Amino acid sequence: MDRSSRGSNSELTINADSSWPHLPSGASTPLSMENGWIKEDEPLNFSTTNHAPFNKLYDVSCPTPWSCAKKIASEVVLYVNYGFKLLGYLGLGYKWALSLYQLIIYATLLLPGFIQVILFYFFSPRVSRSVAYGAGPRQRLDMYLTKNRKPGQKYPVVIFVTGGAWTIGYKAWGALLAKRLSQAGALVACLDYRNFPQGNALQMLEDVNRGIAWVCNQCANYQGDPDNIILCGQSAGGQLGALALIKQVEQVVLKKEVVGAQPAWDPSSIRAFVGISGAYDLEGLAGHLHSRGLYNNLFSQIMSINGVPAISELSPLHAARAWSASDARLPISVTTMDGPILTETSVLSQSPTSRDPLMADHQDGRASSKRRPSASPAPSGFGARMPTTLFIHGTADKSVPFASSQLLHEALERAGVASTCKLIEGRTHTSFLLEGAMKGGRDELMELMHQVVYGPKVPAKPRRYPALCPAILCYLAGYICPF
């Protein structure tokens, strides 16, 4: 795909009503609605279904119930062992005891909604669980198939990297978002990856890179459109997704193997990146996370390369600021497999003012790939090879302050990347995916994701979702949530 004329769409706002101007030709439109409401009462199918084929090289199966039971038991023992090891880093301080108490109450309050999501996750015929994207531990993904698929039709693809403070992440955390996106006409792949202490951030990054590469290569088997892939990450998953994309861009520009970019995949395969409550400023977050119980000794172990703390090297903001260094003569350092190298930024980036905003013609909910000619040459190097980016963050986020998204947005914009930042008033770290989405009515995250996937044309009436949990319980859960 031609990325040369991608432009800047910088915006910093606290509402969620602006449009997203970028959509490829021939993209499908979302499902119709009745009276502005999306239906979520899908029939549950308890029978085994056959889904689209995937890469048989990594098809790990259990031929007998006994072998499955042994495998499950061995994994339970393994993760209990990792749990005790993690507890050794965390200790038994009052902060974690209080957080655990709050988490139990939080989950109890949202239990009516969780039950409905769990039933969908385990029994919907549209969910292919634990598809293997690699041969390593936890290299699995959940594939949410598009509802009412038509033969020969290609559908937008969303790759979702879940959060979990790099310690408790799991692919099922994105089930509700994936359900709604797939109902609206998208194919969704939720990636799992190793958590600490099973792996450090570099190994997590390897898993995420492998998963992205697999989806890019295999999504057509699930009727996904390989020319319309959106990469999305939340919290720690936002950090991993953004860093994976940034490292792949650096590898393409430098024509050298870059640490954090293995296995390699083509960053031009990604049409847009969406970061939700992402932890991009690792250097700035270290002290904040320490005060909330993710102590510096644990954080340094997670963010390490070959046993050496590498918080700067694993920070997306650090890399983006190097791209957009204001002094054209200032060299930047990129860690390759051969060691750090210095590169002149004057060759790699230009001012974002050298780009025209990306334009697309929208007709009947679709958009053509026709673009307005650029008034001046597009920047070469890093910024020119990044896709459009959208950052979404709540102003009441206690775990990761919204400045994390704001700073990365500004740094990428200075590097010439078309970037938008949406700050949603009063939203917390978890409300976009859990309590805010479960209360029903308008879903701000889905409205923004809809604009990314389908363009600015929206239904005459705002989308409304049925409540999965009473509003008062969602409000109380948001109030007591430890995240």
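The values are calculated or read from the model by the stated rules, or taken from the named source; none is laboratory data. Remember, it's a predicted structure, so these values are computed and weren't measured experimentally. Cβ: placed from backbone, ideal geometry, glycine included. Neighbour counts: every protein chain shown. To get the accessible areas, we keep the full protein, side chains included, count just its heavy atoms, and leave off ligands, DNA and RNA. Shrake-Rupley method; radii C 1.70, N 1.55, O 1.52, S 1.80 Å.
Of all the accessible heavy-atom surface of the stretch 257-318, with the other protein chains kept in place and a 1.4 Å probe, what percent is carbon and sulfur? The C+S portion of the solvent-accessible surface of the stretch 257-318 is 50 percent. Taking amide hydrogens as placed 1.01 Å from N in the peptide plane, the amide H of residue 464 sits under 5 Å from those of 37, 38, each at least 5 positions away in sequence or on another chain. Subtracting the Cα-Cα distance of residue 103 and residue 447 from their residue separation scaled by 0.36 nm leaves 121.0 nm.
For the residue pairs 171/439; 147/439; 150/439, the C-alpha atoms sit more than 29 angstrom apart in 150/439. Placing dummy labels 7 Å off each Cα toward the beta-carbon, the span from residue 480 to residue 464 is 2.9 nm.
Once backbone amide H atoms are built at 1.01 Å from N, residue 391 has 275, 420, 421, 422 as its partners under 5 Å, excluding neighbours fewer than 5 places away on the same chain. Normalised per residue, the accessible area of the stretch 203-273 is 24 Å², obtained with a 1.4 Å probe and no contribution from ligands, DNA or RNA.
Across the accessible surface of the stretch 385-440, with the other protein chains kept in place and a 1.4 Å probe, carbon and sulfur atoms take up 57 percent.
Extension gain for residue 95-residue 129 works out to 8.8 nm (0.36 nm per residue, less the C-alpha to C-alpha distance). Solvent exposure of the stretch 144-193 amounts to 27 Å² per residue of accessible area, where only protein heavy atoms count and the probe is 1.4 Å.
At a Förster radius of 35 Å, what calculated FRET efficiency corresponds to the Cβ-Cβ distance of residue 111 and residue 425, to the nearest 0.05? Please list the in-between numbers first.
Numbers: r = 28 Å, r/R0 = 0.79.
That pair, residue 111 with residue 425, gives E of 0.80.
Going down the table (154/179; 154/422; 179/422; 95/179), which pairs top 26 Å between alpha carbons? Checking Cα-Cα distances, 154/422; 95/179 exceed 26 Å. Close amide H contacts of residue 155 (hydrogens built in the peptide plane, cut-off under 5 Å, sequence separation of 5 or more or a different chain): 224, 225.
Placing dummy labels 7 Å off each Cα toward the beta-carbon, the span from residue 472 to residue 256 is 6.3 nm. Computed over protein heavy atoms with a 1.4 Å probe, the accessible surface of the stretch 397-483 works out to 35 Å² per residue. Site pair residue 297 and residue 66 shows an inter-label distance of 4.6 nm when each label is modelled 7 Å from Cα along Cα→Cβ.
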